[in-house]
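One structure is given below, encoded as structure tokens.
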Amino acid sequence: MDFSGKVALVTGGSGDIGRTIAEALADAGADVAVSYIGEAARAGEVVEVLRKAGRRSYAVQLDQRDPKSIDDCVRSVIGHFGRIDILINNAGWNIGIPFGDLAALTPEIWDRVLETNLRGPFLLARGFGAELRRHKSGRIVNIATLAGIAPGGSSIAYAASKAALIHLTHCLAVALSPDVTVNCVAPGLVEGTRMAERVPDAVKQSARAQSVLGRTGSADDIAQMVVAYCRTDSVTGQTIVVDGGNPMGMH
Ligand SMILES: NC(=O)c1ccc[n+]([C@@H]2O[C@H](COP(=O)([O-])OP(=O)(O)OC[C@H]3O[C@@H](n4cnc5c(N)ncnc54)[C@H](OP(=O)(O)O)[C@@H]3O)[C@@H](O)[C@H]2O)c1
């Protein structure tokens, strides 16, 4: 794919990894919308950086737990740019609940995690699907986690939601073929992020100890994998792990 004239939406572009993905897509030549749920100022900073780099960019408010907010976002992005070529389902939510503490994982928390991390990406793909298909070269990249492949991470609900997101990647790759490729990046712990702060300490220590490279996942490497998926024409339904080489993620 030649990125010039192409339009991307990075959900959660106000977040730590989303910002890096937005910058990498802009660097590759795309115009980029970034979504936020509450952190308008952080989203605004990202927009400024992308505009200074010579790209068109704007921030859109999105609560992907809310189907109406998703419909509004779809209308807003297509209204603003007149098209969309690339959807990066990066926004997510977690909370630290040790696996053994089943009682703490309430139905409300379960629903919040699953609605944000699984139903939201599906409804966004559904909402943007027709427009992504229109140019016959659409791209979706979902951001899952190593915890969606091997049991671990911030909570059982988070791990289950991301395991389902990985399989949603397979299902959408079939559903949207041949016009849209759908792929997934599964990061391990990314140090210094807001989300990593909500991961129990024991889980963080284990991620550090198990990475054979002696370092955990990098937001830059995640962003470069997203760009690579978007560039390719014959890769779909795939998941790549970016985690410093935890043997649990090696297939
Ligand atoms: N950080 C890690 O160690 C790590 C590891 C593996 C996978 N991941 C995955 O990488 C992705 C990005 O994580 P991150 O570390 O960049 O997290 P982050 O800094 O907490 O960013 C999360 C983003 O999602 C947005 N968001 C939260 N709830 C939302 C909702 N209901 N609707 C729409 N947007 C919502 C936030 O908006 P506001 O900024 O407005 O709050 C923010 O932009 C997530 O999918 C996460 O699961 C992260």
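Quick look at the numbers
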item	result
Anchor K52: lysines whose Cα lies under 29 Å away (excluding residues fewer than 8 positions away in-chain)	K6
Amide proton proximity set for I240, modelled H, under 5 Å, gap of 5+	C184, V185, A186
Candidates S211, S155, S57, ranked by Gaussian network fluctuation over the chain, Cα under 10 Å, top entry	S211
Nearby aspartates and glutamates by direct alpha-carbon distance to K68 (threshold 14 angstrom, same-chain neighbours under 8 apart not counted)	E115
Additional length obtainable on full extension of the chain from D233 to K136, 0.36 nm per residue less Cα span	33.9 nm
Segment 107-161: trypsin sites (Lys or Arg not before Pro) falling in loop per DSSP and having at most 13 other Cβ within 10 Å	K136
Spacing of the two label points (7 Å from each Cα toward its C-beta) at Q205 and C171, in nm	3.8 nm
Cross-link partners of K204 among lysines (Cα-Cα below 27 Å; sequence separation of 8 or more within a chain)	K162
Inter-site label distance for H251 and E45 at 7 Å from Cα along Cβ, in nm	3.6 nm
Rg to Rh, two decimals, where the chain supplies the alpha carbon set and Rh follows Kirkwood	0.95
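Any read-out appearing in this document is the output of simple, stated calculations on the displayed coordinates, not a laboratory observation. Given the structure is predicted, the values throughout are model-derived calculations rather than measurements. As a convention, Cβ positions derive from the backbone with ideal geometry for all residues, glycine included, and neighbour counts pool all protein chains shown.
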